[in-house]
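S.K.: To start, I am sharing the structure in question, which I have written as structure tokens.
The values are calculated or read from the model by the stated rules, or taken from the named source; none is laboratory data. What you see is a predicted model, and the numbers here were worked out from it, not measured in a lab. With ideal geometry, Cβ positions are generated from the backbone for all residues, glycine too; neighbour counts draw on all protein chains shown.
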Amino acid sequence: MTGLDKTVLVVVDHSGGALTAPSAEVLTLARTLTDGAVAAVALTPEPDLAALGRYGAQEVYVPGLGGLSADVAAVAAEAVLAVVERTDPAAVLLVSGFAGKERAARLAVALASGAVVDATGVEVTDDGTLAVAKTVLQGTWATTCAVTRGLPIIAVKPTSVEAVADDDAATPAVVDVPVDLSSAARAVRVVSRTEHPRGRAPLSEAKAVVVGGRGVEGDFSLVEELAEEIGAAVGATRVATDEGWIDHSAQIGQTGVTIAPRLYIGAGVSGAIHHTAGMQAAEVVVAINNDPEAPIFEMADLGIVGDVTEVLPQAIAELRRLKG
Ligand SMILES: Cc1cc2nc3c(=O)[nH]c(=O)nc-3n(C[C@H](O)[C@H](O)[C@H](O)COP(=O)(O)OP(=O)(O)OC[C@H]3O[C@@H](n4cnc5c(N)ncnc54)[C@H](O)[C@@H]3O)c2cc1C
């Protein structure tokens, strides 16, 4: 397999002035696809150049947004479009979050090309097309697809790829790109923006997730404690969110968030299809349930038959002991 011979553009995100972990992952993936350059599109006037260079961006394009916010999808998409027109890349990669998916769709419409979102992997085939892996139908099918017309636009799910720094990294060159934003893009202004304080990675980006179900009987404290010990995010089943034991944003499943962490720990979760639809792509599944017949054990790599109020404290104590 040889790589693409043109630049791969990666639309990167920043949080609190720093490159986000999912953006570092997508830059890492981009390096495996091209023999040409990896270039980043930063939708912030002050990109995190050190991190962008570390993960392989050789050039960083900074579109001029004229004071408008890239939170407005039309602004972001037109800004990326201006960079695409200037660089004629082989592909555009984005992070498959809410914003990335909408930007991907808008770009595809503007360029009359195809977009694949929720990708879990991308490879260059022998004939030079990009083969994109993604799961469909609630995680029950693994598919490989390709964009058959125009510039491939691919949004990659967080945690699908391990971010690896580039040993030969240099500080990337910064290229300012003027953008002539349309009146439609200018029609919306963000008047205020409040980032939710969070000490942990957001659920969809977390490498480890501890999930509480009906079996925790309303008490998420042990789930929280275990998550804290291993630096995991906290998730829940719909029963737990419907009961009001935890916020709805923590719900994983068909009508909640889809996750693909390296480690999923389910505590008092039965493994109903509506829930597993959102976590099927987890690499390692650990289940704690007092019913040995619970369906979740069928997909568990490690199953513990026991009461969450007994198993979780033991796990937490052992982790603390190991950490000294
Ligand atoms: C259209 C639709 C959409 C849905 N979308 C979602 C969704 O997005 N996400 C979602 O999660 N659900 C969703 N559901 C609901 C889903 O079908 C299940 O009802 C739900 O996932 C079950 O949650 P649970 O595993 O917490 O509860 P249960 O199925 O009641 O399982 C609780 C488990 O805990 C175990 N347990 C009980 N006490 C203990 C204890 N002390 N220690 C250890 N184990 C214990 C039990 O053995 C049991 O296996 C949806 C349903 C519908 C109809």
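S.K.: Looking only at segment 1-60, count every residue that is hydrophobic (A, V, I, L, M, F, W, C) and not in a helix (DSSP H, G or I) and tell me the total. Break it down stepwise before answering.
M.R.: Filtering segment 1-60 for residues hydrophobic (A, V, I, L, M, F, W, C) gives 1, 4, 8-12, 18-19, 21, 24, 26-27, 29-30, 33, 37-43, 49-52, 57, 60.
Narrowing further to those that are not in a helix (DSSP H, G or I): 1, 4, 8-12, 18-19, 33, 37-43, 57, 60.
Total satisfying the criteria: 19.
S.K.: Just one of (1) outside any strand (DSSP E or B); (2) touching a residue at least 60 places away in the same chain (Cβ under 8 Å) trips up Lys101, so point out which.
M.R.: Lys101 satisfies every listed condition except (2).
S.K.: Which one is farthest from the ligand (Cβ to nearest atom), of the residues in segment 239-257 that are crowded, with 20+ Cβ neighbours inside 10 Å and under 19 Å from Val285 (Cα atoms)?
M.R.: Here the answer is Ala250.
S.K.: What about Leu107, is it assigned by TED's automatic domain parsing to the domain that holds Thr20, at pLDDT 95 or above, buried (at least 20 other Cβ atoms within 10 Å of the Cβ) and not charged (D, E, K, R)? Show your work before the answer.
M.R.: Values: assigned by TED's automatic domain parsing to the domain that holds Thr20: yes; at pLDDT 95 or above: yes; buried (at least 20 other Cβ atoms within 10 Å of the Cβ): yes; not charged (D, E, K, R): yes.
Here the answer is yes, as Leu107 does meet what is asked.
S.K.: Let me ask something additional. Does Gly36 satisfy the condition of being under 16 Å from Val174 (Cα atoms) and not acidic (Asp, Glu)?
M.R.: Values: under 16 Å from Val174 (Cα atoms): no; not acidic (Asp, Glu): yes.
No: the conditions fail for Gly36.
S.K.: Of these, Pro178, Pro202, which one is more than 16 Å from the ligand (Cβ to nearest atom), farther than 17 Å from Ile288 by Cα and surrounded by 14 or more Cβ atoms within 10 Å (Cβ to Cβ)? First the steps, then the outcome.
M.R.: Values: Pro178 fails: surrounded by 14 or more Cβ atoms within 10 Å (Cβ to Cβ).
Exactly one residue qualifies, and that residue is Pro202.
S.K.: Scan segment 207-219 and report the pairs whose first residue is in the same structural domain as Gly306 (by TED's automatic domain parsing) and under 16 Å from Ala233 (Cβ atoms) and whose second residue is among the β-branched types (Val, Ile, Thr) and more than 13 Å from the ligand (Cβ to nearest atom), with Cβ atoms within less than 9 Å and a gap of 6+ or a chain change.
M.R.: Qualifying pairs under 9 Å: Lys207/Thr159; Ala208/Ile230; Val209/Val234; Val210/Ile230; Val210/Val234; Val211/Val234; Gly212/Val234.
S.K.: Condition check: in the same structural domain as Asp307 (by TED's automatic domain parsing), more than 18 Å from the chain's Cα centre (by Cα) and either modelled with pLDDT of 95 or more or part of a loop (DSSP other than H, G, I, E, B) (or both). Does Val234 satisfy that? Give the steps one after another, and end with the answer.
M.R.: On the way: in the same structural domain as Asp307 (by TED's automatic domain parsing): yes; more than 18 Å from the chain's Cα centre (by Cα): no; either modelled with pLDDT of 95 or more or part of a loop (DSSP other than H, G, I, E, B) (or both): yes.
Considered against the rule, which asks whether it is in the same structural domain as Asp307 (by TED's automatic domain parsing), more than 18 Å from the chain's Cα centre (by Cα) and either modelled with pLDDT of 95 or more or part of a loop (DSSP other than H, G, I, E, B) (or both), Val234 comes out as no.
S.K.: Hey, can you tell me all the residues within segment 259-268 that are under 23 Å from Ala142 (Cβ atoms) and near the ligand (Cβ under 9 Å from one of its atoms)?
M.R.: Result: Gly266, single match.
S.K.: Before we move on, is Ala185 at pLDDT below 95, within 26 Å of Ser270 (Cα to Cα), surrounded by 13 or more Cβ atoms within 10 Å (Cβ to Cβ) and small (Gly, Ala, Ser)?
M.R.: Working: at pLDDT below 95: yes; within 26 Å of Ser270 (Cα to Cα): no; surrounded by 13 or more Cβ atoms within 10 Å (Cβ to Cβ): yes; small (Gly, Ala, Ser): yes.
So Ala185 does not fit the description; no.
S.K.: Filter segment 273-304 down to residues that are loosely packed, with under 14 Cβ neighbours inside 10 Å and under 29 Å from the mean Cα position of the chain (by Cα) and give me whichever is nearest to the ligand (Cβ to nearest atom).
M.R.: At the first step, the residues of segment 273-304 found to be loosely packed, with under 14 Cβ neighbours inside 10 Å are 273, 283-284, 291-293, 298, 301-302.
Imposing the further condition that a residue be under 29 Å from the mean Cα position of the chain (by Cα) reduces the set to 273, 283-284, 298, 301-302.
Details: Ile273: 7, Glu283: 20, Val284: 19, Glu298: 12, Asp301: 18, Leu302: 15 Å.
Looking at residues that are loosely packed, with under 14 Cβ neighbours inside 10 Å and under 29 Å from the mean Cα position of the chain (by Cα), I get Ile273.
S.K.: I've got another one for you. For Glu293, indicate whether it is more than 14 Å from Val211 (Cβ to Cβ), assigned to a helix (DSSP H, G or I) and either of a type in the set (Lys, Arg) or at pLDDT 95 or above (or both).
M.R.: Details: more than 14 Å from Val211 (Cβ to Cβ): yes; assigned to a helix (DSSP H, G or I): no; either of a type in the set (Lys, Arg) or at pLDDT 95 or above (or both): yes.
Judged against the criteria, Glu293 is not a match.
S.K.: Ala240 fails exactly one of the following numbered conditions: (1) touching a Lys or Arg at 6+ places or on another chain (Cβ under 9 Å); (2) closer than 19 Å to Thr135 by Cβ. What is the number of that condition?
M.R.: Ala240 satisfies all of (1) touching a Lys or Arg at 6+ places or on another chain (Cβ under 9 Å); (2) closer than 19 Å to Thr135 by Cβ except (2).
S.K.: Next question, about the same structure. Any residue in segment 291-315 that's under 12 Å from Ile265 (Cα atoms) and touching a residue at least 40 places away in the same chain (Cβ under 8 Å): show its pairings with residues that are assigned to a helix (DSSP H, G or I) and more than 9 Å from the ligand (Cβ to nearest atom) at Cβ separation under 8 Å, as long as the two are six or more apart or on different chains.
M.R.: So the pair list comes out as Val308/Leu222; Leu312/Leu222; Leu312/Val223; Leu312/Glu225; Leu312/Leu226; Ala315/Leu226.
S.K.: If I filter segment 305-320 for residues that are part of a strand (DSSP E or B), within 13 Å of the ligand (Cβ to nearest atom) and touching a strand residue (DSSP E or B) at 6+ places or on another chain (Cβ under 6 Å), do I get at least one hit? Give the derivation first.
M.R.: Looking only at segment 305-320, we keep the residues that are part of a strand (DSSP E or B), and these are 305.
Pick out the ones that are also within 13 Å of the ligand (Cβ to nearest atom) and you get 305.
Among the residues that remain, those that are also touching a strand residue (DSSP E or B) at 6+ places or on another chain (Cβ under 6 Å) are: none.
Checking segment 305-320: not a single residue is part of a strand (DSSP E or B), within 13 Å of the ligand (Cβ to nearest atom) and touching a strand residue (DSSP E or B) at 6+ places or on another chain (Cβ under 6 Å).
S.K.: If you take the residues of segment 145-164 that are out of contact with any Gly (no Cβ under 8 Å at 6 or more places or on another chain) and modelled with pLDDT under 95, which of them is surrounded by the fewest Cβ atoms within 10 Å (Cβ to Cβ)?
M.R.: Glu162
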